[in-house]
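Coordinate-derived values only; no laboratory data. Quantities reported herein were computed from a predicted structural model and do not represent experimental measurements. Here the Cβ positions follow ideal geometry from the backbone for every residue, glycine too, while neighbour counts run over all protein chains shown.
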């Protein structure tokens, strides 16, 4: 009598290379908005320093994420079929560029480093990040459901 051995396999999919630095970059850039708001309300210089550091780390991590996106595209792990994928990439680039300008604005002294231009750029970057997160969620849901973009 022969017995068949049943084996079950669990498919473990590695997360994309870009996910970790991209998420931490987004957290730093949204954190810069929060510290800008606190500085606007209190005028305590410590908060503008926090904003500058958060912008710097957010931009560095964003640059690492951009390199990882290029690796994902060239290795075939990120397929940009359809307009939604390109919109996601362009939105992330736009958030990075706005944050880069914001870092230059934050290099000024005192009140003018945040109010009104730095705060406005922080809000624009945060809104772009939220929109990109929603687009990324839609793309993820489409791929999980087997739908094409």
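Structure notes:
- Annotation for residue 30 and residue 117: the two label points, set 7 Å from Cα along the Cα-Cβ direction, are 2.7 nm apart.
- Between helix 83-105 and the chain: long-axis angle, C-alpha atoms, 0 to 90°, nearest 10: 30 degrees
- Inter-label distance for residue 94 and residue 127, nm, one decimal - labels placed 7 Å from Cα along Cα-to-Cβ: 1.0 nm
- Contact order for the stretch 57-142, expressed relative to its length and based on alpha carbon pairs under 8 Å spaced 6+ residues apart, stands at 31 percent.
- Model label zone, residue 79; criterion: amide N under 17 Å from point 7 Å along Cα-to-beta-carbon; scope the stretch 102-140: 138-140
- Two-site label geometry, residue 67 and residue 45: point separation in nm, points 7 Å out along Cα→Cβ: 3.5 nm
- Each of 122, 52 was scored by other Cβ atoms within 10 Å of its Cβ. Listed from fewest to most, they are 52, 122.
- Over all distinct Cα-Cα pairs of the chain, the Kirkwood formula returns a hydrodynamic radius of 17.0 Å.
- A Gaussian network model of the chain, with springs between Cα atoms under 10 Å, assigns the largest mean-square fluctuation among 22, 121, 79 to 79.
- On Cα atoms only, tilt of 19-42 relative to the major axis of the chain in degrees: 20 degrees
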